[in-house]
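The block underneath contains the structure these notes are about, expressed in structure tokens.
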Amino acid sequence: MKEKLQKIREEALERIQNSDNLDKLNEIKVSILGKKGALTEVLKGMKDVAAEDRPKVGQLVNDTRAAIEEKLEEVKKTLADKMREEKMKAEVIDVTLPAKKNNVGHRHPNTIALEELERIFIGMGYEVVEGPEVEYDYYNFEALNIPANHPAKDEQDTFYINDKIVLRTQTSPVQVRVMEKGKLPIRMIAPGRVFRSDEVDATHSPSFHQVEGLVIDKNITFSDLKGTLAQFAKELFGEDTKVKFRPHHFPFTEPSAEMDVTCFKCKGKGCRMCKGSGWIEILGCGMVHPRVLRMSGIDPEEYTGFAFGIGLERIALLKYEIDDMRLLYENDVRFLKQF
Ligand code: DAH
């Protein structure tokens, strides 16, 4: 009996010492101390031990059990410590590593340019209004003094929905819609999408954006137009920006002009951006044609006004020195995230 216990003890201690994880340790515990465990079996055999030897043998069994339990605890603790240490090692955080970059959204260059234009004109007391993209031929052409046989009405340029309805080719019809309401004076800008049946290339797109401007009041003169647009150019491109007005023709304004600004890159010396001229064209403008005023119910003897039309993409392309308009529509995230 004594030897048997000794053997159980030695074997158990060795197995415990050699076990390398907690599951195995538990298995060993069950196989020795469990209901059918080796030591339990020995205890069952106590009834066969002579009565006088029982206390001694009992003592021996208890010692063996205590030794095994002690060893179990010891190894269990060592293993638990080791596991914790390994876990800590695996989870170690290197605070010197560069942080992961969060993907935040970016405003589209068109949006940035539009917000800038709106900020400038709102600062001058203008209201921002909108008109429909699907527009009556009347508003898009007729009421703007563009008669039925005008070349701009050619099917090459205009998307027709039917005889009377088009996709607006310009934001100018919003002028008419606002004037017709009859609330004077008017000081408004109308940003929006316009459509023309153009082929896509670096400078053309069948859909782009304009910002229309209109001021109607008593005693509005060409000086007001020049002063307003010169101030706008300074705010958009910098204090030292100069402007130049070239005579032009638009059916709905008389006189009409195109406005150039001194190239903000070379300051007028001439560079690639301004194609060597030192000037960059940025908008069309003019005094509202008396016929346009009259058709919208405004008396041209009493009221005068000026109007202008800005290509939004043009401003965005210039401001960010982007040389292909298509980039603005493809919406490649690698492009957009630069702004
Ligand atoms: N609607 C013109 C265009 O699409 C731009 C324009 C020019 C608008 C002169 C105006 C203006 O209001 O006065 O080409």
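The values are calculated or read from the model by the stated rules, or taken from the named source; none is laboratory data. Since we're looking at a predicted model, the values are computed, not measured. FYI the Cβ positions are ideal-geometry reconstructions off the backbone, even for glycines, and counts take in every protein chain you see.
Within the range 197-216, can one find any residue that is under 12 Å from GLU135 (Cβ atoms), among the charged types (D, E, K, R) and part of a strand (DSSP E or B)?
no
With the requirement that a residue be over 27 Å from MET83 (Cα atoms) and either among the hydroxyl-bearing types (Ser, Thr, Tyr) or surrounded by 13 or more Cβ atoms within 10 Å (Cβ to Cβ) (or both), what does the range 14-40 give you?
Within the range 14-40, GLY37, ALA38, LEU39, THR40 qualify.
Checking ASP20 against (1) touching a residue at least 40 places away in the same chain (Cβ under 8 Å); (2) in a helix (DSSP H, G or I): exactly one of these is not met. Which one?
(2)
Can you tell me which of ILE322, ILE282 is in the same structural domain as THR171 (by TED's automatic domain parsing), of a type in the set (A, V, I, L, M), under 29 Å from GLU115 (Cβ atoms) and within 21 Å of the chain's Cα centre (by Cα)?
ILE322
Conditions (1) closer than 28 Å to LEU328 by Cβ; (2) among the charged types (D, E, K, R), marked per residue:
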position: TYR139; (1), (2): yes, no
position: ALA143; (1), (2): no, no
position: HIS150; (1), (2): no, no
position: LEU167; (1), (2): yes, no
position: LYS181; (1), (2): no, yes
position: ARG187; (1), (2): no, yes
position: PHE195; (1), (2): yes, no
position: ALA202; (1), (2): yes, no
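Residue by residue, here is whether (1) among the hydroxyl-bearing types (Ser, Thr, Tyr); (2) farther than 30 Å from SER223 by Cα; (3) loosely packed, with under 14 Cβ neighbours inside 10 Å; (4) touching a residue at least 12 places away in the same chain (Cβ under 8 Å) holds:
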{"residue": "HIS289", "(1), (2), (3), (4)": "no, no, no, yes"}
{"residue": "VAL292", "(1), (2), (3), (4)": "no, no, no, yes"}
{"residue": "SER296", "(1), (2), (3), (4)": "yes, no, no, yes"}
{"residue": "THR304", "(1), (2), (3), (4)": "yes, no, no, yes"}
{"residue": "GLY309", "(1), (2), (3), (4)": "no, no, no, yes"}
{"residue": "GLU313", "(1), (2), (3), (4)": "no, no, no, yes"}
{"residue": "TYR320", "(1), (2), (3), (4)": "yes, yes, no, yes"}
{"residue": "LEU328", "(1), (2), (3), (4)": "no, yes, no, yes"}
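Can GLU11 be described as surrounded by fewer than 11 Cβ atoms within 10 Å (Cβ to Cβ) and not basic (Lys, Arg)?
no
Show the residue pairs that are 6+ apart or on different chains and have beta-carbon atoms under 8 Å apart, the first residue being within the range 39-61 and part of a loop (DSSP other than H, G, I, E, B), the second being modelled with pLDDT under 80 and surrounded by 12 or more Cβ atoms within 10 Å (Cβ to Cβ).
Note: pairs meeting the criteria are VAL49/MET1.
Considering every residue within the range 198-207, establish whether at least one is assigned by TED's automatic domain parsing to the domain that holds GLU127 and within 11 Å of the ligand (Cβ to nearest atom).
Taking every residue of the range 198-207 in turn, none turns out to be assigned by TED's automatic domain parsing to the domain that holds GLU127 and within 11 Å of the ligand (Cβ to nearest atom).
Report yes if ILE220 is at pLDDT 95 or above, among the β-branched types (Val, Ile, Thr), touching a strand residue (DSSP E or B) at 6+ places or on another chain (Cβ under 8 Å) and part of a loop (DSSP other than H, G, I, E, B), otherwise no.
When the stated conditions are applied, ILE220 passes them.
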